[in-house]
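Here's the structure, in structure tokens; my notes come after.
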Amino acid sequence: MSSGLYSIGLTGLQSSNARINTTGQNTANVDTEGYSRQRTDTTSSPIGGVVIHDTSRLVDNFVSAQMRSDQSDYAYYDTYHSMMTVADNLLAEDSIALTGYLNEAFDALQTANNDPTSSSLRQLAHSSLNNLVEQYQTLSDIVTRQEKLVDEQLSASLTELNTITTKISDLNDKILREEGLSISPANELRDQQEQLAKELSQYLDIKVQFSDKGLMTIQLKNGQPVVMNQNPTELKVLPDPLEPQKIRLVVDFGDYNVALKTNELGGSIGGLADFRSEFSEYADRTLGQHAISIADAMNVQNAKGLDAYGDFGRDLFTLGDIEIYSTKDNLHKLSDITVRVSAGESAKITRDTYELTRTDDDRFAITKYDENGRANGPSVIFDPSVLTPNSHGYYKIEELGLDIRVADFDKIDENDEFRFIPTEDAAKNLALYAKNGDALALSAPIGVDTDSNNLSDAKISLESITNTDPSTSAFAFDATLYPNTPHKIYFTSPTSYIVHDASGTELAEVKNVTHYSNLLEQAGLASDAGFDVSVSSRPQVGDEFSIGTDNVGPADNFNGLALVNLQNKLLVEGEASLVKSFAGFIAYVGSKTAEVAGHAESSEIIMNDSMARRDRLSAVSLDEEAVNLLKYQQSYSASAQVVTAARTTFETLLGIMR
């Protein structure tokens, strides 16, 4: 009886001592980050006393998983929001906004139109255009700096992430060894591992699982492994030969790499990757599309007039070369391929990535892909053998608004891929080609005159200039009209007229006239002539009107007004004016910033709630531990009394035996 009592008291002492130690461990680690409070479990022994099982951590894997997921969401939106806020603050500044520079440039052009003979007004317009170009470059530089900042943060984050996964893998090895040598779990090591997993979730959205041996394995949300028992992987950025401007993350398994999908990565790395693709690339392409639109429209319009020297207008702007990318095996073919925007076709240019491939022996395809890599519409198929190149060897792809030149189409194989983005870096590479204000072609290349002997009050006016190319229009290289092109219009009746060339030869006769606008179009001559004229009212028999370069005055501003009117044209994808397009871009930035800010705020609340749930279960409460300590001290004292009673009883029994 006394030996049983002694055993009961001794196991009670051991149990109380173990629980006091556990309580002391909890109390000592009250401020240790990631520490999970521990509890020593016991059961009653069938032979009397108590049996100590083990000291376990009070954790709920489901709560911990939810906390990691919520923390990943918050890190994602917080990172995204911080980057968007910087971009929004910069782009919303009036001193940086493109709208003011566009208005100033077109206002200066309008002022120059008031007196086309004024060199000072022309130079003022030239300076305003130069300021506009510099602002495109400034905005592009802002986007580029944001990209570089993202790349630097991404590199630092991946370095830290790979360090964490290595530590988790090392702890798996230590846990395996320690728990193999003891029946007790390696609680402190598992706490460290849980804390590392929590830190890892700040970078990526992860799923934590445990093997049969209790070792931690970590996967990304899409199932790709990051830590496999004792084998960590390495995440790194590799250049994509087909799209170098995009982020390409890979998982390095040592012997091979596996590409990582950059969507839904979560965490700060996901926020950086999505900011780069959803805003940074979008912003660069949007600004590039804008720059292409204004450069192309103004160059084409300037070519339709005469500059201060009486010559046909030249390009006002230049755009950089469109970069073409391919795989390493095809780098030697890149120099044979050139792509450019077709003159006057910038409204067809989109922000997409374009891919050139060969479909069969004769035909080629160009497919457009959006920012997310999805095909944007059907491929455009063309056969070079049935197309006629221009004098420089370019084939015009009408549907896309692009000119393409390939030195030898036979060198392109069916498995080859060539990609290009017309809008990429276009804003950065935009430059003012015009040397001074005299390059502005404000005057029309021809003038019109109403014969003073006409019987009616009808007046002729220049309706439009559509083409001044000497090879395809009525205009000669020296800015005169070819003799065999329309020079006079003679009305044989109020509803009929004849178009004559310079020698009086009849070019066309029109009868049953119902309106007096676009007379050359009605005669079927406007397309070949490159211009058209109109008459203000009903002419009389014998009325004559002349067309020629001698009728142009030095103060003519016909083409200058057309240049100014480009401000109101739907130049960007044929849907928006320059100002409206940029305003839409700024609105997108502001809306996206507000959207991400809302997600960041709500995700922080959800994360804090998850952490509070975890803390209610796993965090150390000093009040609770103080109560436990008092209880276990009293239990220890009581067990000691049991041992004392057992000893006294045993000594009494020995005394009786004597």
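Screening Ser581, Ser603 for residues that are touching a strand residue (DSSP E or B) at 6+ places or on another chain (Cβ under 8 Å) and either outside any helix (DSSP H, G or I) or in contact (Cβ under 8 Å) with a residue 60 or more places away in the chain (or both) leaves exactly one candidate, Ser581.
The number of residues in region 364-394 being farther than 28 Å from Lys246 by Cβ, of a type outside the set (Gly, Ala, Ser) and not in a loop (DSSP other than H, G, I, E, B) comes to 2.
Applying the criterion of being under 23 Å from Leu249 (Cβ atoms) and at pLDDT 80 or above to the residues of region 212-222, the residue that is surrounded by the fewest Cβ atoms within 10 Å (Cβ to Cβ) is Gln219. If you go through region 253-277 and keep only what is without any contact (Cβ under 8 Å) to a residue 12 or more places away in the chain and either crowded, with 24+ Cβ neighbours inside 10 Å or in contact with a helix residue (DSSP H, G or I) (Cβ under 9 Å, 6 or more places away or on another chain) (or both), you end up with nothing. Residues in region 278-329 that are surrounded by fewer than 22 Cβ atoms within 10 Å (Cβ to Cβ), among the charged types (D, E, K, R) and within 24 Å of Glu417 (Cβ to Cβ): Asp321, Glu323, Lys328, Asp329. Applying the criterion of being of a type in the set (Phe, Trp, Tyr), out of contact with any Leu (no Cβ under 7 Å at 6 or more places or on another chain) and not in a loop (DSSP other than H, G, I, E, B) to the residues of region 470-492, the residue that is surrounded by the most Cβ atoms within 10 Å (Cβ to Cβ) is Phe491. For the structure I just gave you, tell me whether Gln153 is modelled with pLDDT of 90 or more and under 25 Å from Met298 (Cβ atoms). Here the answer is no, as Gln153 does not meet what is asked. Of the helices (runs of 4 or more DSSP H) lying entirely inside region 493-567, those carrying at least 1 residues that are surrounded by 15 or more Cβ atoms within 10 Å (Cβ to Cβ), assigned by TED's automatic domain parsing to the domain that holds Glu463 and on the phi < 0 side of the Ramachandran plot are 519-522, 526-529.
Scanning region 223-237 for residues that are surrounded by fewer than 20 Cβ atoms within 10 Å (Cβ to Cβ), polar (S, T, N, Q) and touching a strand residue (DSSP E or B) at 6+ places or on another chain (Cβ under 8 Å) yields Gln224, Asn229. Annotation: of all residues in region 275-315 being basic (Lys, Arg) and assigned to a helix (DSSP H, G or I), the one that is nearest to Val341 (Cα to Cα) is Arg285. Contact map, region 47-64: residues that are closer than 20 Å to Ser635 by Cβ and among the β-branched types (Val, Ile, Thr) paired with residues that are assigned to a strand (DSSP E or B) and at pLDDT below 80, Cβ distance under 8 Å, separation 6+ or inter-chain. Pairs shown: Thr55/Gln38. Screening the candidates Asp73, Asp115 for the property of being in contact (Cβ under 8 Å) with a residue 60 or more places away in the chain and within 30 Å of Asp191 (Cα to Cα) yields one hit, Asp73. Of the residues screened, Val250 is one that is without any contact (Cβ under 8 Å) to a residue 60 or more places away in the chain and either under 21 Å from the mean Cα position of the chain (by Cα) or not in a helix (DSSP H, G or I) (or both). Determine whether region 48-63 contains at least one residue that is of a type in the set (Ser, Thr, Tyr), surrounded by fewer than 17 Cβ atoms within 10 Å (Cβ to Cβ) and more than 30 Å from Tyr6 (Cα to Cα). No: zero hits.
Condition (residue is hydroxyl-bearing (Ser, Thr, Tyr) and at pLDDT below 90) applied to region 451-471: is it met by at least one residue? Looking through region 451-471, at least one residue is hydroxyl-bearing (Ser, Thr, Tyr) and at pLDDT below 90.
On inspection, Gln14 does not qualify as over 30 Å from Val642 (Cα atoms) and assigned to a helix (DSSP H, G or I). Looking across region 358-377 at every residue that is polar (S, T, N, Q) and modelled with pLDDT under 90, the one that is surrounded by the most Cβ atoms within 10 Å (Cβ to Cβ) is identified as Asn376. Of the residues that make up region 196-203, is at least one surrounded by fewer than 16 Cβ atoms within 10 Å (Cβ to Cβ) and of a type outside the set (Val, Ile, Thr)? There is no residue in region 196-203 that is surrounded by fewer than 16 Cβ atoms within 10 Å (Cβ to Cβ) and of a type outside the set (Val, Ile, Thr). Using the structure shown, decide if Ala619 is of a type in the set (Gly, Ala, Ser), modelled with pLDDT under 85 and surrounded by 14 or more Cβ atoms within 10 Å (Cβ to Cβ). So Ala619 fits the description; yes.
Restricting region 104-135 to residues that are charged (D, E, K, R) and in a helix (DSSP H, G or I) leaves a set whose member that is farthest from the chain's Cα centre (by Cα) is Arg122.
Out of all the residues in region 46-67, is one or more among the hydroxyl-bearing types (Ser, Thr, Tyr), closer than 30 Å to Ile605 by Cα, assigned to a helix (DSSP H, G or I) and within 54 Å of the chain's Cα centre (by Cα)? Yes, because at least one residue in region 46-67 is among the hydroxyl-bearing types (Ser, Thr, Tyr), closer than 30 Å to Ile605 by Cα, assigned to a helix (DSSP H, G or I) and within 54 Å of the chain's Cα centre (by Cα). For Gln146, the test of being farther than 22 Å from Tyr203 by Cα, polar (S, T, N, Q) and under 21 Å from the mean Cα position of the chain (by Cα) is failed.
The values are calculated or read from the model by the stated rules, or taken from the named source; none is laboratory data. Because the structure is a prediction, the values reported are computed rather than measured. Using ideal geometry, Cβ is built from the backbone for each residue, glycine included, and neighbour counts are taken over all protein chains shown.
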